[in-house]
Amino acid sequence: MTDRERQEALLDLLNTTPVIDGVAQDLLADPEAASSWQRAHGGSGGADEHRHLRQARDALQEVVRGHRPVASLAPLVEGVVSRPQLSPSGVSWELDLPKERRMAVEAVLTWSALQKTMPGRLRPCANPECRLFLLDRSKPNRARWCSMAVCGNRMKARRHYQRTRDGAAG
C-alpha cells in the first residue's frame, strides 16, 4: 500500500461517523457493514479487528479535533514491534503484531506520519455541524471544509445571509 493509499484509508476511517440529515451516524456500528468496510480496506472483517479499529478511530478523531492529548493513543500501539526486512531494494519495516490489531495500528502510524510530513493538514471540517475530516493537499493549505459542494457552500450561504440580514437591520 502506498503512502497516499494509507492516508486515504485513514481519512475514510475518520469519516465513518458522518452527520446525515442532521443525525450523527456510525458506519461501523453495524457488524455486517463494518465487516464489509474492513474487507474493502484490506482487513479480515473479524470482530476483534472491528473492536480495535473503532477504538483507534474514536481516539484519533478526538486527538485530531484537539479534545484529547496524543498520549491517549499509547494503548493502541502498546507492544507493537517493527522489524527490519532486507531486500535488494533496501530496508523495509514490517510490523510484528496480531493481525486483528494491524488496521488500527496502521491508522495510528499513518496519522503520525502525516503529523511529521504534512503537519496541520489533517483536520476537522470547519462546519461546526459536520463531523467529517479533510486532508488538505493544496499548496496554500487553506482548505476549510470536507466538501466545498456541501459544507463550503452551506457555510458561505450562511455568512451571506447573516451579512444581508445585519445590513438590513442597520
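The values are calculated or read from the model by the stated rules, or taken from the named source; none is laboratory data. Since the model is a prediction, treat every value here as computed from it, not as a measurement. All Cβ positions, glycine included, derive from the backbone under ideal geometry; neighbour counts span all protein chains shown. Note: accessible area is taken over every heavy atom of the protein model, side chains too, but ligands, DNA and RNA are not part of it. Shrake-Rupley method; radii C 1.70, N 1.55, O 1.52, S 1.80 Å.
Looking at (1) within 23 Å of Ala126 (Cα to Cα); (2) outside any helix (DSSP H, G or I), find the lone condition where Gln61 falls short.
The failed condition is (2).
Return the only residue of Val77, Val105 being buried (at least 17 other Cβ atoms within 10 Å of the Cβ) and either without any contact (Cβ under 8 Å) to a residue 12 or more places away in the chain or closer than 21 Å to Phe133 by Cβ (or both).
Numbers: Val77 fails: buried (at least 17 other Cβ atoms within 10 Å of the Cβ).
None of the other options fit; the residue is Val105.
Just give me the residues in region 21-48 being open to solvent by 30 Å² or more (accessible area, probe 1.4 Å) and either hydroxyl-bearing (Ser, Thr, Tyr) or part of a helix (DSSP H, G or I) (or both), in sequence order.
Pro31, Glu32, Ala33, Ser36, Trp37, Arg39, Ala40, Ser44, Ala47, Asp48
Filter region 80-92 down to residues that are part of a loop (DSSP other than H, G, I, E, B) and open to solvent by 50 Å² or more (accessible area, probe 1.4 Å) and give me whichever is farthest from Ala107 (Cα to Cα). Can you show your working first?
Filtering region 80-92 down to residues part of a loop (DSSP other than H, G, I, E, B) leaves 80, 88-89.
Cutting the leftovers down to open to solvent by 50 Å² or more (accessible area, probe 1.4 Å) gives us 88-89.
On the way: Pro88: 28, Ser89: 25 Å.
The selected residue is Pro88.
Hey, Arg159 hits all of (1) modelled with pLDDT under 95; (2) assigned to a helix (DSSP H, G or I); (3) surrounded by 12 or more Cβ atoms within 10 Å (Cβ to Cβ) but one; which does it fall short on?
(3)
Return the pair list, or none, for Cβ contacts closer than 9 Å from residues in region 1-20 that are among the charged types (D, E, K, R) and open to solvent by less than 70 Å² (accessible area, probe 1.4 Å) to residues that are in a loop (DSSP other than H, G, I, E, B) and modelled with pLDDT of 95 or more, at least 6 apart or on different chains.
Final answer for the pair search is Asp12/His41.
Can you report the number of residues in region 105-138 which are in contact with a Pro (Cβ under 9 Å, 6 or more places away or on another chain) and in a loop (DSSP other than H, G, I, E, B)? Walk me through it before giving the result.
Start the filter on region 105-138 by keeping residues that are in contact with a Pro (Cβ under 9 Å, 6 or more places away or on another chain), which leaves 130-134.
Those left that are additionally in a loop (DSSP other than H, G, I, E, B): 130-132.
The number of residues fulfilling the criteria is 3.
Of everything in region 70-99, what is of a type outside the set (A, V, I, L, M) and farther than 23 Å from His50 by Cβ? Give them in sequence order.
We begin by selecting, within region 70-99, every residue of a type outside the set (A, V, I, L, M); these are 72, 75, 78-79, 82-85, 87-90, 92-94, 96, 98-99.
Across region 70-99, the qualifying residues are Ser82, Arg83, Pro84, Gln85, Ser87, Pro88, Ser89, Gly90, Ser92, Trp93, Glu94.
In this structure, does Gly66 turn out to be open to solvent by less than 70 Å² (accessible area, probe 1.4 Å) and closer than 15 Å to Glu100 by Cα?
Numbers: open to solvent by less than 70 Å² (accessible area, probe 1.4 Å): yes; closer than 15 Å to Glu100 by Cα: no.
Here the answer is no, as Gly66 does not meet what is asked.
Looking at this structure, is Ala71 free of Cβ contacts under 8 Å to residues at least 60 places away in the same chain, loosely packed, with under 13 Cβ neighbours inside 10 Å and in a loop (DSSP other than H, G, I, E, B)? Walk me through it before giving the result.
Numbers: free of Cβ contacts under 8 Å to residues at least 60 places away in the same chain: yes; loosely packed, with under 13 Cβ neighbours inside 10 Å: yes; in a loop (DSSP other than H, G, I, E, B): no.
Judged against the criteria, Ala71 is not a match.
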